[in-house]
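Heads up: the structure comes next, in structure tokens.
Values in this text are rule-based calculations from the coordinates and carry no lab data. Just so it is clear, the model here is predicted, and its values are computed rather than measured. In this analysis, Cβ positions are derived from the backbone assuming ideal geometry, glycine residues included, and neighbour counts consider all displayed protein chains.
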């Protein structure tokens, strides 16, 4: 990797309007720690903790611990990996197609963990001073004897959207990130600006093994 790649690779946290971005299992762990829960709440939080933990979402409170993310820079594109120790340590954050109740792949990609393979990459486009757009980029091709790297890795697929997910319980809204417009509140971060803050914890971190 070049020195420019090294200089722009960091580990850090993301915040949306002051609230940290977390994985859904972190959100459910925090909710399960509340002193008073109804049986329905406890059952739903445990269900999501076990079955739907790998989505990137927004914490309930500003003081919750944010997800630590490794932003690896290469040719003006970022690959994101979970750097918080625990259940999904080392997993990629990628726009992945979901499956419906009958096992069919949907057209919507959600920003979620991917253990291995060929993750989505991301590009930060400056829309205005202090405002950016998080753009989804084509997956980097796999180099093999019969396939060489090409410009496909630089093709922008579109913006990342933010939308609220209706849960089974009232007053427990969750926010998700998608590559498809689903009555979204915003495009991250355009046309309506979203205050997405970055807290850098370490710069020049190129290899994932360097974290910690």
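Provide the gained length on full extension for the span residue 207 to residue 169, in nm with one decimal, where the gain is 0.36 nm per separating residue minus the Cα-Cα distance. Could the numbers behind the result be given before it?
Details: separation 38, 0.36 × 38 = 13.68 nm, distance 4.10 nm.
Extra length from residue 207 to residue 169 when fully extended: 9.6 nm.
In nm, to one decimal, how far is the residue 181 label point from the residue 89 one, both placed 7 Å along Cα→Cβ?
The two pseudo-label positions are separated by 4.2 nm.
Would you mind pulling out the separation of the Cα centroids of segment 87-120 and segment 21-61, in Å?
The two parts, judged by their Cα centres, are 19 Å apart.
Over the alpha-carbon set of segment 1-68, divide Rg by the Kirkwood Rh and report the Rg/Rh ratio to two decimals.
1.16
Measuring from the lowest to the highest alpha carbon on each principal axis, how far does segment 43-114 reach, largest first, in angstroms?
Result for segment 43-114: principal-axis Cα extents of 39, 32, 20 Å.
Averaged across orientations, what area in nm² does the convex hull of the alpha carbons in segment 58-97 project?
Numbers: hull surface 16.4 nm².
It is 4.1 nm².
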